[in-house]
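Novice: What follows is a single structure, and I will ask about it in a moment.
None of the figures in this text is laboratory data; all of them are computed from the coordinates on show. Owing to the predicted nature of the structure, the values given are computational and were not obtained by experimental measurement. No Cβ is skipped: glycine too gets one built from the backbone with ideal geometry, and neighbour counts run over all protein chains shown.
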Number of protein chains: 4
Amino acid sequence: MTDARILRSRAGLRQALLEMLESRPFEQVTIRDLAAASGVGYTTFFRHYPSKEALLGDVAVREVGQLHEMTLPVYDAQDSAAACLALCAYVDQHRSVWTALLSGAPGYVREEMLRLGREAVAVRSRSWLPQDLGVVLGVAVIVELLGWWLQQPNPPPAAQIAEILDRVVISPAQTPPGAAGPTP
Amino acid sequence: MTDARILRSRAGLRQALLEMLESRPFEQVTIRDLAAASGVGYTTFFRHYPSKEALLGDVAVREVGQLHEMTLPVYDAQDSAAACLALCAYVDQHRSVWTALLSGAPGYVREEMLRLGREAVAVRSRSWLPQDLGVVLGVAVIVELLGWWLQQPNPPPAAQIAEILDRVVISPAQTPPGAAGPTP
Amino acid sequence: MTDARILRSRAGLRQALLEMLESRPFEQVTIRDLAAASGVGYTTFFRHYPSKEALLGDVAVREVGQLHEMTLPVYDAQDSAAACLALCAYVDQHRSVWTALLSGAPGYVREEMLRLGREAVAVRSRSWLPQDLGVVLGVAVIVELLGWWLQQPNPPPAAQIAEILDRVVISPAQTPPGAAGPTP
Amino acid sequence: MTDARILRSRAGLRQALLEMLESRPFEQVTIRDLAAASGVGYTTFFRHYPSKEALLGDVAVREVGQLHEMTLPVYDAQDSAAACLALCAYVDQHRSVWTALLSGAPGYVREEMLRLGREAVAVRSRSWLPQDLGVVLGVAVIVELLGWWLQQPNPPPAAQIAEILDRVVISPAQTPPGAAGPTP
DNA sequence: CTCTAATCGAGACGGTACGTCGCGTCTTACG
DNA sequence: CGTAAGACGCGACGTACCGTCTCGATTAGAG
């Protein structure tokens with residue numbers, strides 16, 4: 001199960017997928033392309049993943065999972081600003097991967113974030129919004145913001161994006177309808 | 001150009017597309033299905049649209065365009081709350097169409113909204129956010145919010161959604177970074 | 001039926017067909033091409049001929065018929081050499097038409113010749129061969145010989161072709177199995 | 001290259017083509033029909049032949065080639081009568097194949113015979129006719145004669161056809177213009 | 001260090017949808 | 001009010017990928 005060849009093949013396929021996503025959207029990536037680019041036989045692809053969606057899922061779960069683990073502890077510490085910063089800093093450090101994911105397959109990233117977000121929010125909801133809606137909107141804004149950021153010719157520093165994120169997602173969510181403004 | 005048969009064929013195709021989007025995502029809709037469902041010959045489809053994306057584009061442009069025309073005047077009147085309400089009310093009145101569009105092809109709706117939004121904002125930007133980013137985030141939130149709304153088993157009234165929209169999109173956009181909170 | 005427009009349309013179509021046959025085989029000629037080339041509406045074509053085969057049939061019947069009428073009397077006069085010469089001379093005088101027909105649609109020419117040949121032979125069989133076979137072989141040789149002739153870069157004179165025709169078709173047909181040789 | 005599956009698929013397609021040619025002309029045979037009839041996937045057809053013409057070519061080359069190999073040695077032995085007999089006997093033994101080929105696609109058989117005939121005649125021309133013309137006429141007569149033979153309700157014996165062939169093709173070709181008759 | 005079993009490549013195959021082409025019919029807008 | 005223009009349904013074409021399947025050939029890791 002931990003055969004070296006298996007690990008090598010899968011890593012190669014994941015790598016090949018990320019490289020392809022930099023140049024074209026996921027739907028236009030072909031299993032045959034992936035196999036060829038990663039030096040793996042076409043048939044062999046299916047020995048590892050039942051479909052190209054499964055491969056993308058694998059990649060997305062790994063990357064989004066890491067991002068989540070990096071951000072959540074800080075968020076739990078009630079410091080939303082620091083959490084946003086941690087998130088943006090992490091993405092900044094893995095620019096190429098996240099550029100590929102967000103430009104080539106934003107829907108899948110969103111999907112995976114939603115999954116994790118829903119799990120997480122079940123115990124930490126602090127918003128006046130319907131719980132699920134909060135997650136949906138938060139994830140949408142994160143994905144769009146990061147996507148926008150990563151494709152800017154002269155991207156603003158992570159700190160600035162983090163602040164936008166904090167102001168646009170966290171504050172509205174935590175300000176009750178009757179209040180005069182967000183509580184920092 | 002105004003041949004009755006042409007109008008009939010196109011209307012049929014648009015209708016068929018909307019019906020299909022209610023039951024499955026756009027990628028799984030087949031041109032053959034569309035042709036069959038609308039009683040139009042398969043080849044005839046291509047006499048009207050070069051691809052199913054073009055058909056979807058036609059539908060999206062029409063619907064999003066109407067929504068936009070309905071909302072913008074109110075928004076220009078500086079009354080963001082009324083604009084949000086107008087938008088939600090319009091969608092509410094065209095529930096089935098918007099359910100289809102948002103559940104089956106949210107990406108295309110987003111795309112078209114972005115297009116119109118970018119045109120519109122060029123002359124009326126009132127946000128502290130980078131202009132394009134404001135549109136991107138606003139559109140994302142609108143699409144997600146409407147999508148969430150329309151698939152709720154017991155959907156809240158339009159007024160409530162409109163208020164959420166106003167609080168989540170308009171307020172953060174208009175509250176300058178230094179301010180203590182949104183200005184009502 | 002004798003409306004001038006009708007005659008003009010049909011003549012134009014026949015002419016267009018002959019011109020097309022000079023550059024490509026009949027199967028590759030399109031009704032749309034014919035209509036366009038002869039300045040006739042596509043739909044109009046069908047008012048005159050039910051199919052392109054019918055048009056070709058019309059042309060073939062006319063041309064082969066004329067050839068036949070030209071040749072037969074001489075043949076009936078028992079002078080096979082003169083008949084062959086008449087045939088070749090006629091074709092020589094209508095080179096372009098026959099080149100087109102024989103290079104573009106030899107099968108149809110053969111068909112029509114067979115039809116006329118079978119009619120004619122019913123009353124004048126002078127061959128030891130089974131009657132129908134004689135016609136079949138004779139027609140085949142005529143068609144091939146003329147086809148060969150018309151596509152030679154430096155075509156031999158008609159007289160020479162006529163002699164070949166006489167020697168190859170008429171003589172073997174008229175020499176009974178037991179005879180020592182053809183009777184001139 | 002010698003994969004058993006390949007051989008099976010091709011043999012099936014050739015067989016299916018021959019069966020279809022018995023009931024309708026080649027132009028009316030559809031690749032889809034061939035694939036279905038031979039139990040081969042439609043797409044698979046193109047993995048073996050670029051077009052139905054290529055498949056017919058394969059069949060024609062094989063059959064005409066065998067006929068040629070069977071006939072030529074005898075012909076080279078200067079015994080034209082025996083060669084004709086060999087040819088007719090061979091066709092007689094492969095009646096169904098040749099009936100199919102000659103009734104459904106005579107043009108292609110003719111084409112292939114021409115090719116082989118031209119190769120062969122280059123070294124053994126014994127005719128007073130222009131070399132190429134001799135082949136053209138000879139092939140035409142052979143094709144027509146065999147075609148006629150195979151579709152007779154009560155076909156004459158091969159020997160009789162062979163004699164006709166000899167008298168109609170070989171004799172005229174070998175009798176010089178000035179001679180009084182064929183030399184037996 | 002060897003042997004056995006898992007992994008791999010190669011590629012034939014049956015499918016499904018695509019988008020194109022030409023046919024022949026039928027409708028319609030226009031002169 | 002007829003007629004050309006052309007929209008239409010149809011069916012075959014040839015292409016691109018998909019996912020399945022059988023082959024051997026290699027190669028890792030357990031014994």
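Novice: Obtain the nm distance between the two label points defined at C:R126 and A:S96 by a simple spin-label model: each point lies 7 Å from its Cα along the Cα-to-C-beta direction.
Specialist: That separation, rounded to one decimal, is 9.3 nm.
Novice: Measuring from label point to label point, each 7 Å out along Cα→Cβ, what is the D:R62 to C:R118 span in nm?
Specialist: 3.3
Novice: Other chains near C:121-129: what is the mean number of their Cβ atoms within 10 Å of each residue's Cβ?
Specialist: On the way: counts 0, 0, 0, 0, 0, 0, 0, 2, 4.
Whole-number average of other-chain Cβ neighbours for C:121-129 is 1.
Novice: Enter the Cα centre distance for the pair region B:1-37 and region B:110-165, rounded to the nearest angstrom.
Specialist: Computed from Cα coordinates, the inter-centre distance equals 27 Å.
Novice: Which of the lysines could a cross-linker bridge to B:K52, judged by Cα under 29 Å and excluding same-chain residues fewer than eight apart?
Specialist: By straight Cα distance, B:K52 reaches A:K52.
Novice: Right, something else. Hey, if you put +1 on the Cβ of every Lys and Arg and -1 on every Asp and Glu Cβ in region D:7-128, which of D:P73, D:A86, D:M20 ends up farthest toward the positive end of that dipole?
Specialist: Most positive-ward Cα: D:M20.
Novice: Go through D:7-18, D:163-174 and give me the packing order, highest mean Cβ count within 10 Å leading.
Specialist: D:163-174, D:7-18
Novice: Let me ask something additional. For chain C, set up a Gaussian network in which alpha carbons nearer than 10 Å are linked by springs, and say which option among C:Y42, C:Y108, C:Y90 fluctuates the most.
Specialist: Comparing C:Y42, C:Y108, C:Y90 in a Gaussian network model of chain C, the most mobile one is C:Y42.
Novice: First measure r as the distance between the Cβ atoms of C:L72 and B:T43, then evaluate 1/(1 + (r/R0)^6) with R0 = 51 Å and state the FRET efficiency to the nearest 0.05. Numbers along the way, then the final one.
Specialist: Details: r = 50 Å, r/R0 = 0.98.
With R0 = 51 Å, the Cβ-Cβ based efficiency is 0.55.
Novice: Now, a different point. Once you average over the residues of B:132-145, how many Cβ atoms of partner chains fall within 10 Å of each Cβ? Numbers along the way, then the final one.
Specialist: Values: counts 2, 9, 1, 1, 5, 8, 3, 2, 11, 9, 1, 2, 10, 5.
Taking the mean over all residues of the peptide, I get 5.
Novice: To continue, here is another question. Quantify how strongly other chains surround peptide D:149-156 by giving the mean number of their Cβ atoms within 10 Å of each of its Cβ atoms. Walk me through the intermediate numbers first.
Specialist: Values: counts 2, 0, 0, 3, 0, 0, 0, 2.
Counting Cβ atoms of other protein chains within 10 Å of each residue's Cβ and averaging gives 1.
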